[in-house]
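Shown next, in structure tokens, is the structure this report addresses.
Since every read-out is calculated from the coordinates, none of them should be taken as a lab result. Only a predicted model underlies this, so the values are computations on that prediction, with no experimental measurement involved. Counting neighbours? That spans all protein chains shown, and the Cβs are built from the backbone with ideal geometry, glycine included.
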Amino acid sequence: MDRFILLMLASILAGFALLKVSLTGTFLAGIEPITNLIGILAILIFSVVLIYKGLMAMLGK
């Protein structure tokens, strides 16, 4: 269970990294909106999973 929570936290950090990376001036500049969308989705999805797991642990299920 400990590794699962650390994996979720690492995924949230990866989402923030995707938001902060600057692709201007590279050949990947065209896909910057896609990387921003993926970063936002990663942050939201994995945060919701962590909240759900925390609530289930508090409720004892």
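Numerical summary
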quantity: Efficiency of FRET between residue 55 and residue 21 - r from beta-carbon atoms, R0 25 angstrom, step 0.05; calculated: 0.20
quantity: P(r) tail fraction, the chain - alpha-carbon pairs more than 19 Å apart, %; calculated: 41 percent
quantity: Degrees between helix 2-20 axis and first principal axis of the chain (Cα, 0 to 90, nearest 10); calculated: 30 degrees
quantity: Cα-projected label distance for residue 47 with residue 11, points at 7 Å along beta-carbon direction, nm; calculated: 1.5 nm
quantity: Folded to 0 to 90 degrees: helix 32-59 orientation relative to the chain principal axis, Cα; calculated: 10 degrees
quantity: Residues 8, 56, sorted so that the one with the fewest Cβ neighbours within 10 Å comes first; calculated: 56, 8
